[in-house]
1. Any idea how far the Cα center of region A:155-203 sits from the one of region B:161-203, in Å?
2. Roughly how compact is region A:8-197, stated as its Cα Rg over 2.2 N^0.38 Å to two decimals?
3. Work through the residues other than residue A:91 whose Cβ is under 14 Å from its Cβ and net out their charges, Lys, Arg +1 and Asp, Glu -1.
4. Which one of A:63, B:141, B:54 is farthest out on the positive end of the charge dipole of the protein assembly as shown, using unit charges on Cβ (Lys, Arg +1; Asp, Glu -1) and the Cα centre as origin?
5. Of B:152, B:94, B:33, whose Cα points farthest to the positive end of the dipole of chain B (charges on the beta-carbon: +1 Lys, Arg; -1 Asp, Glu; origin at the Cα centre)?
6. So what's the net charge close to residue A:8: Lys and Arg +1, Asp and Glu -1, counting the other residues with Cβ under 9 Å from its Cβ?
7. For the protein assembly as shown, what value does the Rg/Rh ratio take when both radii are computed over Cα atoms and Rh is the Kirkwood radius, given to two decimals?
8. Among the DSSP beta bridges whose two residues both lie in region A:8-197, what percent are antiparallel, rounded to the nearest 5?
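What follows draws every value from the coordinates through simple rules; no lab data is involved. Note that the coordinates shown come from a computational prediction; the quantities given were computed from them, not determined experimentally. As a convention, Cβ positions derive from the backbone with ideal geometry for all residues, glycine included, and neighbour counts pool all protein chains shown.
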2 protein chains.
Amino acid sequence: MGTQLLPIDFWFSLASTYTYLSVTRMADVVQRTGAEIRWRPFNVRSIMIEQNNIPFRTKPVKLAYMWRDLERRAALHGVPYAGAPPYPLRDVTLSDRAAMIAAREGWCPTYMPAIYRRWFIGQRDVSDEPDIATALIEVGQDPARVLTMAKMESAEQALVEATDTAKRLGVFGSPTFVAGPEVFWGDDRLEQAIDWSRGSGRY
Amino acid sequence: MGTQLLPIDFWFSLASTYTYLSVTRMADVVQRTGAEIRWRPFNVRSIMIEQNNIPFRTKPVKLAYMWRDLERRAALHGVPYAGAPPYPLRDVTLSDRAAMIAAREGWCPTYMPAIYRRWFIGQRDVSDEPDIATALIEVGQDPARVLTMAKMESAEQALVEATDTAKRLGVFGSPTFVAGPEVFWGDDRLEQAIDWSRGSGRY
């Protein structure tokens with residue numbers, strides 16, 4: 001690949017906690033590094049259920065650790081943190097579908113931080129329409145238009161297809177960064193993925 | 001704590017793959033940072049079984065990812081890697097007990113890299129006496145003396161007590177770095193733990 005810059009597919013799902021860090025700091029990261037990020041929503045829950053991968057729900061010690069670790073990583077990156085938000089989210093179906101519309105139209109970079117801010121800083125379970133609508137308005141989108149599209153069967157179909165693609169690439173968690181053949185899982189691998197995408201031969 | 005340097009308890013168990021990175025690069029890290037590292041062997045398997053935490057054995061996609069991630073992290077740190085070694089190890093009982101003797105006598109910094117090298121580079125399942133003995137000889141220890149002590153009931157007792165202590169601190173995986181009240185899990189948190197141990201107020 002020489003010194004060509006590879007685009008990075010940023011696979012994400014609102015169900016994930018650590019993804020808060022990635023979506024919130026992505027604008028800064030892009031500005032600093034010039035990385036080309038392609039926002040790719042998918043349904044991480046369906047893959048995790050299929051693979052019997054339950055990282056926190058049944059593991060209270062690991063769950064408590066995760067919140068503290070996330071808080072420290074947030075401090076490291078200058079990302080606001082207001083304590084553990086409602087978790088897990090009750091239902092991410094509509095949220096995932098709205099993210100599919102955002103990805104198609106190119107406004108994930110503003111919408112995803114907004115919906116995550118409402119979850120993490122607003123401390124709201126953002127499963128339902130009013131919360132999603134508020135985040136949409138915040139980023140200049142018409143909630144009636146977007147939610148109508150999000151409720152169409154085609155949005156669900158697009159989400160299923162995206163999730164199949166993610167699974168084929170070996171994605172099993174969120175956030176995941178894919179550059180060429182390389183899969184990097186976790187917010188703490190973002191910089192490593194960018195180094196790789198530069199074709200530097202370094203990870 | 002002001003600018004006082006906190007010691008770091010390095011909780012580890014030979015059952016763990018990523019711990020290969022920590023034990024192998026620890027000497028360099030200590031030289032570079034001046035961190036005070038206390039080597040603390042424990043039985044990570046018993047805690048993981050108790051907490052129903054099975055990260056890889058039943059998860060082939062995640063397991064394949066782990067090896068590739070470990071390989072890239074090894075390259076990043078200049079740690080040798082020779083492909084996935086035998087995994088999981090058949091029985092770490094004797095190895096864990098030998099590590100308890102090493103910790104008591106202060107030669108973990110040479111022995112742990114040696115036994116891990118035999119596993120990862122020698123590609124041997126290091127469960128049994130001959131492999132442990134070879135690693136002991138390599139670091140100037142008398143295998144007869146160490147293995148006799150390792151087989152004593154008191155070594156098992158010390159391991160059980162260490163594991164109870166780890167569990168009380170909230171340790172659930174290996175490697176874990178504990179500085180004061182802060183628990184950092186994973187080789188990729190070692191530098192963060194050291195920053196914290198310096199009382200810098202940064203993670």
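1. With region A:155-203 and region B:161-203 each reduced to a Cα centre, they are spaced 28 Å.
2. Values: Rg = 15.6 Å, N = 190, 2.2 N^0.38 = 16.2 Å.
For region A:8-197, the normalised Cα radius of gyration is 0.96.
3. Numbers: positive: A:45, A:90, A:97, A:124, A:151; negative: A:96, A:125, A:128, A:129, A:131, A:156.
Residues near residue A:91 contribute -1 overall.
4. Towards the positive end, the residue furthest out is B:141.
5. Selected residue: B:33.
6. That works out to -1.
7. On the way: Rg = 22.9 Å, Rh = 22.8 Å.
Using Cα coordinates only, the ratio equals 1.00.
8. Values: 7 of 12 bridges.
Beta bridges within region A:8-197, antiparallel portion: roughly 60 percent.
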